[in-house]
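The next block holds one structure in the form of structure tokens; read it before the comments.
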């Protein structure tokens, strides 16, 4: 049974809520302004932004006119718009459930 423990992941200590808000990136991928909650990991926001900018750059190199990118990922939606080398990214859960 000890062998199986090598492949198991540790249980997460806390669940992270899906963020709502937006952030703007410059050409280098630095966050200029953000309305995403500070409780959401900044590294995750930067990773999302880096991947969005990479996608816009790759589309430009392939001569594909891409001005907007919409990603549906499980219960999460990402909408990104190209801004002359930078981007504005909107993050939102698909179904917002309000606690009672």
Inset, instruction - Six or more apart or on different chains, Cβ under 8 Å: which pairs go from a residue in segment 61-72 that's in contact (Cβ under 8 Å) with a residue 24 or more places away in the chain to one that's assigned to a loop (DSSP other than H, G, I, E, B)? Could you list them? - result: none
Inset, instruction - Any chance you could count how many residues in segment 23-41 are in contact with a strand residue (DSSP E or B) (Cβ under 8 Å, 6 or more places away or on another chain) and modelled with pLDDT of 90 or more? - result: 11
Inset, instruction - Can you confirm whether segment 91-100 contains a residue that is loosely packed, with under 14 Cβ neighbours inside 10 Å, part of a strand (DSSP E or B) and free of Cβ contacts under 8 Å to residues at least 12 places away in the same chain? - result: no
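The values are calculated or read from the model by the stated rules, or taken from the named source; none is laboratory data. Given the structure is predicted, the values throughout are model-derived calculations rather than measurements. A quick note on method: Cβ atoms are made from the backbone with ideal geometry, for glycine too, and the neighbour counts reach across all protein chains shown.
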